[in-house]
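Chemist: Have a look at this one before I ask anything.
Derivation of every value follows stated rules applied to the coordinates shown; laboratory data play no part. If you're wondering where the values come from, they're calculated on a predicted model, not measured in any experiment. Here Cβ is always computed from backbone atoms with ideal geometry, including for glycine, and neighbour counts include all displayed protein chains.
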There are 2 protein chains.
Amino acid sequence: MSTAEGAIDRSVDVAVVGAGMAGLKTALELEARGQDVCVLEARDRVGGRLKPGHIAGHRIDKGGQWVGPQQTLLLAQAADVGVESYDQFNTGRSVLHFNDRVKTSRSEIPKMPFLSLLELQRVVSRLDRMAFSLPPDAPWAGPNAKALDSQTFETWITQNVRTHAAQEFLRLVTRSVFCCEPQHVSLLYFLDYVRGGEGIDVLTGVSGGAQEAKFRGGAHQITELMAAKLKTPVMHDAPVRAVLQHDDGVVVRTDRGDVRAKRVVMAVPPALANQIDFANSLPAKRVHLMQRMPMGTVIKVHVAYERPFWRDRGLSGMAVSDSLPCNVLFDQSPEDLSCGILVGFFDADAAVDFTSAGDNARRDAVVEAAKTFFGPEAASPIDYVDNDWLAEEWSRGCYVAHMAPGVMTTFGDALREPCGRVHWAGTETATKWQGYMDGALQSGIRAAGEVADRL
Amino acid sequence: MSTAEGAIDRSVDVAVVGAGMAGLKTALELEARGQDVCVLEARDRVGGRLKPGHIAGHRIDKGGQWVGPQQTLLLAQAADVGVESYDQFNTGRSVLHFNDRVKTSRSEIPKMPFLSLLELQRVVSRLDRMAFSLPPDAPWAGPNAKALDSQTFETWITQNVRTHAAQEFLRLVTRSVFCCEPQHVSLLYFLDYVRGGEGIDVLTGVSGGAQEAKFRGGAHQITELMAAKLKTPVMHDAPVRAVLQHDDGVVVRTDRGDVRAKRVVMAVPPALANQIDFANSLPAKRVHLMQRMPMGTVIKVHVAYERPFWRDRGLSGMAVSDSLPCNVLFDQSPEDLSCGILVGFFDADAAVDFTSAGDNARRDAVVEAAKTFFGPEAASPIDYVDNDWLAEEWSRGCYVAHMAPGVMTTFGDALREPCGRVHWAGTETATKWQGYMDGALQSGIRAAGEVADRL
């Protein structure tokens with residue numbers, strides 16, 4: 001259920017700000033406990049960073065889409081609402097465009113010089129070991145936290161990785177996973193994210209990894225079905241402007257009116273929570289944390305062809321580049337193969353470069369990448385669609401917030417700490433699969449429990 | 001002139017948001033060109049990060065206070081409104097508390113082992129040379145910008161400075177100048193700030209440096225007198241919530257009503273501009289820059305004694321520590337010496353630790369520092385006052401915004417770039433003495449010229 005019309009004037013047990021997966025899960029969990037809940041959403045749709053779209057007549061996800069076998073909360077949630085997953089197409093050789101040369105590879109790890117490959121395997125193992133040694137609930141409190149948080153991941157790369165190809169591959173991993181450059185992110189934050197995602201191979205992998213499968217009908221559908229299960233409709237077009245705490249409750253002020261509640265759960269990323277007026281009621285540490293969790297920069301693109309012609313040549317459609325602005329592509333063809341679709345990304349600095357370049361420049365760059373990877377047949381797409389997440393008013397970036405050096409050790413312990421009657425959800429607050437749908441669900445379950453304990 | 005009552009409903013040439021020194025300068029410059037201006041201020045006072053206060057019956061600055069001989073815009077502005085400067089007391093030996101030992105020194109550079117001192121001089125020269133080679137208008141575009149912006153200043157310290165004392169001194173410099181730890185700031189940003197402040201010795205120095213003098217009656221008075229020269233009163237208690245751009249102008253929406261203008265100058269730090277609703281009219285690059293310029297963390301403290309007893313012992317009152325939370329003190333005694341006053345700071349992480357600790361804990365820590373530096377007489381203050389800048393709703397930190405690694409090279413060119421009818425002032429946008437009153441004035445002059453060219 002949802003509504004986007006009329007003035008809002010309600011009193012409930014709990015107000016939930018944000019109807020992304022985290023907010024919806026919070027609300028469902030609270031309703032299951034018998035609480036009266038009101039979900040407030042700035043957009044005219046649910047889903048937040050999950051967003052429905054179409055290309056060449058086929059339904060696609062313009063936002064988050066993949067699920068891995070480790071993401072058990074997400075798999076359970078999808079099953080609960082009756083959405084099936086199916087495997088990401090991954091048959092055939094992948095393409096690597098490195099140093100202006102195109103190579104193909106049978107494995108998901110792209111072909112690179114033998115020494116680079118050996119080093120990459122060693123370095124990935126080392127990073128994983130460093131990641132798995134962090135305390136999951138408080139990575140800022142580990143014995144080595146300060147040193148790990150004092151440097152950028154780029155610094156670590158240049159000082160610990162010798163071969164050019166292995167260095168570039170780690171930069172590519174950072175761009176693809178965090179939507180930022182390795183200099184933007186703290187080594188500690190990088191490692192904590194790797195810990196939450198069960199290691200670099202799982203994070204970046206298709207078969208057995210976080211890109212193993214996708215949802216029939218789109219991941220966004222899961223949030224629509226979650227919203228449909230709510231007893232009270234999601235209030236749409238209701239951006240929250242202020243949260244005012246009083247002795248006996250909170251007033252959540254939206255463009256459509258007020259909701260009075262005993263407690264409020266902010267199920268939005270820190271950068272969006274930071275734009276809400278809390279009338280100076282938050283502890284300074286929280287205020288400063290929210291100044292320091294910027295969203296990544298990414299533009300997600302889809303390009304459609306008459307046929308998935310790359311498959312004819314034994315290619316999986318998966319391709320990466322160390323230099324093209326559209327630096328990652330995957331096969332996104334419909335299951336009936338009635339056309340061929342590629343999905344890809346402008347990540348990190350490339351997204352910043354292309355956000356103001358306009359649709360045509362982006363389309364050209366995507367087609368150019370597809371031609372480079374898959375040959376001249378890629379020159380003639382039948383459709384093109386992109387989604388510039390940098391410019392989305394109610395996300396202000398994607399996939400996720402990141403932390404620069406020093407932020408986690410100085411401000412990190414404010415991440416989940418309730419501030420009076422204000423609680424914090426959202427995938428950024430998860431202790432596992434943070435940045436993913438699975439982390440969003442975990443955060444909703446945790447926040448609902450936190451609130452229920454205090455009602 | 002100023003007003004804090006009644007509804008606002010005005011049409012002017014230019015709206016100026018923020019009545020700190022930058023906004024007031026912008027308004028004065030525009031009025032001098034014959035423009036009709038309206039200055040909107042969230043607080044009930046002008047001055048922004050300049051703030052009046054009292055201790056033991058004496059007027060003090062709870063915000064910015066010092067002026068150096070290089071800050072010619074500020075000296076001219078003070079002269080223009082008839083505010084005199086006088087020298088910071090700096091006679092006698094300074095105190096250094098390092099490695100739990102207290103030493104005194106005749107020079108402003110504290111006493112440290114000879115090898116450390118030699119290294120420190122060499123390292124400071126090297127940093128200065130690196131700083132002075134940056135292009136002032138576009139430090140992100142220098143030949144070495146990417147490498148300098150890929151690391152934290154802490155990384156540079158640990159890799160380029162060998163002696164413990166020299167390392168600790170550079171950390172102390174970072175805390176004192178930026179109000180953040182060296183891991184929070186990009187090496188490139190650090191260097192650009194050093195360039196703007198004419199080198200590390202000038203930035204950190206008293207005689208001949210940025211702490212050479214202060215203003216009789218307080219620096220804050222300059223902004224009061226600037227406001228008094230405006231033809232139109234500053235509108236107080238009018239926090240700006242939205243800036244809406246139309247084809248023929250802007251509407252600036254405040255809690256007290258609307259101002260319609262041809263153009264608007266945002267004379268507030270990026271972190272505050274980021275909280276205003278621009279109805280998605282800003283380029284994504286600007287939006288992302290504002291997510292990435294957090295304010296420093298500092299609590300400014302004053303403690304008063306019957307007499308400036310430290311002077312009897314040949315001490316200047318200047319003291320620094322590598323471990324005490326209140327890590328810097330200066331003599332702030334009134335010119336008539338009717339009592340003794342010390343001014344100091346909790347900087348960077350120490351400020352974060354003490355923001356929620358409460359006044360008493362802060363007072364105790366300040367007295368403890370004064371006792372450590374100046375002996376047991378410091379145990380009996382007659383008054384204590386502090387100002388927690390982290391918790392100030394309309395500053396959200398001080399002295400200034402900083403940039404983490406990668407921010408300047410990815411987003412820096414959006415810093416001053418007008419966005420349609422929206423222009424950017426504030427000390428963070430200056431190309432010289434950014435972070436200081438002088439930089440605020442420069443930004444106001446530049447923004448006024450920019451707007452006047454387009455009216």
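Chemist: Enter the angle in degrees (range 0 to 90, nearest 10) between the Cα long axis of helix B:359-374 and the first principal axis of the Cα atoms of chain B, meaning the one along which they spread out most.
Modeler: 40
Chemist: Measuring nothing but label to label, 7 Å from Cα along Cα→Cβ, what are A:D80's distances to the other copies in nm, shortest first?
Modeler: 6.3
Chemist: A further question follows. In nm to one decimal, list the spacings between the A:L455 label point and its equivalents in the other copies, with label points set 7 Å along Cα to Cβ, shortest first.
Modeler: For A:L455, the other copies' label points sit at 5.7 nm, shortest first.
Chemist: Would you work out the charge dipole size for the protein assembly as shown about its Cα centre, treating the Cβ of every Lys and Arg as +1 and the Cβ of every Asp and Glu as -1, and quote it to the nearest 20 debye?
Modeler: Dipole magnitude for the protein assembly as shown comes out near 1000 debye.
Chemist: So what is the relative contact order of region B:122-187, in percent, for Cα pairs below 8 Å that sit 6 or more residues apart?
Modeler: That works out to 35 percent.
Chemist: Related question: Charges at C-beta only: +1 for Lys and Arg, -1 for Asp and Glu. How large is the resulting dipole of region B:67-113 about its Cα centre, in Debye rounded to 20?
Modeler: Around 480 debye, computed over region B:67-113.
Chemist: Between copies, how far apart are the A:T158 label points? List them in nm, one decimal, shortest first, with each point 7 Å from Cα toward Cβ, please?
Modeler: Copy-to-copy label distances at A:T158, shortest first: 1.5 nm.
Chemist: On to the next question. Taking 20 Å as the cut-off for C-alpha to C-alpha distance, list the pairs among B:K25/B:K231; B:K214/B:K300; A:K300/B:K285; A:K432/B:K285 that go past it.
Modeler: Checking Cα-Cα distances, A:K432/B:K285 exceed 20 Å.
Chemist: Moving to a separate point now. Lysines within cross-link reach of B:K103: Cα-Cα under 22 Å, excluding same-chain residues under 8 positions apart?
Modeler: Excluding near neighbours in sequence, the set is B:K111, B:K371.
Chemist: Using Cα-Cα distances under 8 Å and only pairs 6 or more residues apart, what relative contact order does chain A have, in percent?
Modeler: With pairs under 8 Å counted, the relative contact order is 26 percent.
Chemist: For chain A, go through all pairs of different Cα atoms, get the mean of 1/r, take its inverse, and jot down that Kirkwood value in Å.
Modeler: The answer is 22.4 Å.
Chemist: Follow-up. Is region A:86-128 rounded, prolate or oblate when judged by the Cα gyration tensor, a ≥ b ≥ c being the square roots of its eigenvalues, rounded requiring a/c under 1.5 and prolate requiring a/b larger than b/c?
Modeler: Note, shape of region A:86-128 comes out oblate.
Chemist: Given the options B:V206, B:L324, B:Y305, identify the residue whose Cα lies farthest towards the positive end of the charge dipole of chain B (+1 on Cβ of Lys, Arg; -1 on Cβ of Asp, Glu).
Modeler: Projecting each Cα onto the dipole axis, the largest value belongs to B:V206.
Chemist: Fewest Cβ neighbours within 10 Å first, please rank A:V16, B:V185 accordingly.
Modeler: B:V185, A:V16
Chemist: Within 10 Å of each candidate Cβ there may be at most 14 other Cβ atoms; applying that plus a DSSP loop requirement, which GluC sites (Glu not before Pro) in region A:1-63 survive?
Modeler: Passing both the DSSP loop test and the Cβ count: A:E5.
Chemist: On C-alpha positions alone, give me the angle between the axis of helix A:437-454 and the longest principal axis of chain A, in degrees, nearest 10.
Modeler: Taking the Cα atoms of chain A, the angle to A:437-454 is about 20 degrees.
Chemist: Right, another one. Where in region A:257-318 are there trypsin sites (Lys or Arg not before Pro) that are in a DSSP coil and have at most 15 other Cβ atoms within 10 angstrom of their Cβ?
Modeler: A:R313
Chemist: May I ask for the net charge around A:A401, where only other residues with Cβ less than 12 Å from the Cβ of A:A401 are counted and Lys, Arg are +1 while Asp, Glu are -1?
Modeler: +3
Chemist: Okay, next question. With r as the distance between the Cβ atoms of B:R454 and B:L337 and R0 = 45 Å, compute the FRET efficiency 1/(1 + (r/R0)^6) and round to 0.05.
Modeler: It comes to 0.30.
Chemist: Picking from A:A401, A:V385, A:F374, whose Cα lies most toward the positive end of the charge dipole for region A:368-455 (charges on Cβ: Lys, Arg +1; Asp, Glu -1)?
Modeler: Farthest towards the positive end: A:A401.
Chemist: In debye to the nearest 20, how big a dipole does chain B give about its Cα centre with +1 on each Lys and Arg Cβ and -1 on each Asp and Glu Cβ?
Modeler: In debye, rounded to 20, chain B gives about 660.
Chemist: What does the net charge come to around B:Q183 if you take all other residues with beta carbon closer than 15 Å to its beta carbon, with K and R at +1 and D and E at -1?
Modeler: That works out to -4.
Chemist: Fewest to most neighbouring Cβ within 10 Å: what's the order for A:K51, A:K229?
Modeler: A:K229, A:K51
Chemist: Mind checking which of B:V39, B:A425, B:L118 is farthest towards the positive end of chain B's charge dipole, using Cβ charges of +1 (Lys, Arg) and -1 (Asp, Glu) about the Cα centre?
Modeler: B:L118
Chemist: In degrees between 0 and 90, to the nearest 10, how far off the longest principal axis of chain A does helix A:187-196 point, with axes built from Cα atoms?
Modeler: Computed tilt is about 80 degrees.
Chemist: May I ask for the net charge around B:G6, where only other residues with Cβ less than 12 Å from the Cβ of B:G6 are counted and Lys, Arg are +1 while Asp, Glu are -1?
Modeler: Spelling it out: positives minus negatives among the neighbours equals -1.
Chemist: What FRET efficiency do you get for A:L244 and B:N280 if R0 is 25 Å and r is their Cβ-Cβ distance, rounded to the nearest 0.05?
Modeler: 0.50
Chemist: Further question on the same structure: Among the residues of chain B, which one places its Cβ closest to the rotation axis that maps chain B onto chain A, and what is that distance in whole Å?
Modeler: Reported as residue, whole Å: B:A404, 2.
Chemist: With N denoting the number of residues in the protein assembly as shown, provide Rg(C-alpha) divided by 2.2 N^0.38 Å, to two decimal places.
Modeler: 0.96
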